[in-house]
Amino acid sequence: MSATKGKKFNEYTYETKMGAIRLHLEEGWRYRRLMEKFGIADRHRLKQWMRKYKELGEFGLLDQRGRRKEYIDQDRYAQKLKRENDMLKKCLEIWMQEVKRTSL
């Protein structure tokens with residue numbers, strides 16, 4: 001779809017996207033029926049939502065513009081924070097042992 005100067009693109013809410021995906025996956029609705037129900041102009045938009053949902057889950061449906069890449073995958077980010085936390089706990093434990101040893 002080419003952009004025309006001054007044309008406003010449709011923006012769909014998260015709830016609309018999740019509703020369409022739920023109806024497609026759980027109730028087996030076809031793309032044409034979903035397009036009619038939600039007023040979606042093209043089938044390609046639905047296919048993009050399905051692909052993003054399958055790859056990233058519900059988080060993939062959020063507007064990602066302006067977000068840093070490392071925060072897009074919440075699970076990976078949470079695991080990174082957990083590893084950092086574990087490492088800091090080990091460092092603190094080692095430091096506490098050193099302090100006890102030097103104070104004796």
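So the values come out like this:
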{"quantity": "Of all residues making up the stretch 39-61, the number that are over 22 Å from the mean Cα position of the chain (by Cα) and either modelled with pLDDT of 90 or more or among the charged types (D, E, K, R) (or both)", "calculated": "2"}
{"quantity": "Hey, Y31 in contact (Cβ under 8 Å) with a residue 12 or more places away in the chain, more than 30 Å from R76 (Cα to Cα) and surrounded by 12 or more Cβ atoms within 10 Å (Cβ to Cβ) or not", "calculated": "yes"}
{"quantity": "Hey, T4 hydroxyl-bearing (S, T, Y) and surrounded by fewer than 11 Cβ atoms within 10 Å (Cβ to Cβ) or not", "calculated": "yes"}
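The values are calculated or read from the model by the stated rules, or taken from the named source; none is laboratory data. All values derive from a computational prediction rather than experimental measurement. Cβ: placed from backbone, ideal geometry, glycine included. Neighbour counts: every protein chain shown.
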